[in-house]
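Encoded as structure tokens, the structure appears first; notes follow it.
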């Protein structure tokens, strides 16, 4: 995956941080995995099932709605609320087109 630019956010998937307004903002492992998944499927809905499979399947812990909401909330704080959209009952998508 190549460097991804969205507004004032610059993300190189080879790193564990984003650049936002020239400031390095570090991502947790799950935040990075979730952002990578959203970028690979940009402007498409990523189902809750796919998120669980990609982010939680190899772990003993299970994905709860609270864990996912917390992950999304934290990633939105680091990026922008406008880009990560919840599609009620289906999943999330990264909105790159207005």
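Looking across the range 35-65, the residues that are assigned to a loop (DSSP other than H, G, I, E, B) and either under 11 Å from the mean Cα position of the chain (by Cα) or in contact (Cβ under 8 Å) with a residue 40 or more places away in the chain (or both) come down to 41, 42, 43, 44, 45.
Scanning the range 22-59 for residues that are within 18 Å of residue 78 (Cβ to Cβ), modelled with pLDDT under 90 and loosely packed, with under 13 Cβ neighbours inside 10 Å yields a single hit, 22. Restricting the range 77-98 to residues that are in a strand (DSSP E or B) and touching a residue at least 40 places away in the same chain (Cβ under 8 Å) leaves a set whose member that is surrounded by the most Cβ atoms within 10 Å (Cβ to Cβ) is 92. Checked against (1) in contact with a strand residue (DSSP E or B) (Cβ under 8 Å, 6 or more places away or on another chain); (2) closer than 16 Å to residue 4 by Cα; (3) without any contact (Cβ under 8 Å) to a residue 60 or more places away in the chain, residue 32 meets all criteria but (1).
The values are calculated or read from the model by the stated rules, or taken from the named source; none is laboratory data. Treat the numbers as computed from the prediction; the structure is a model and nothing was measured. Glycine gets a Cβ as well: all are built from the backbone with ideal geometry, and neighbour counts include every protein chain shown.
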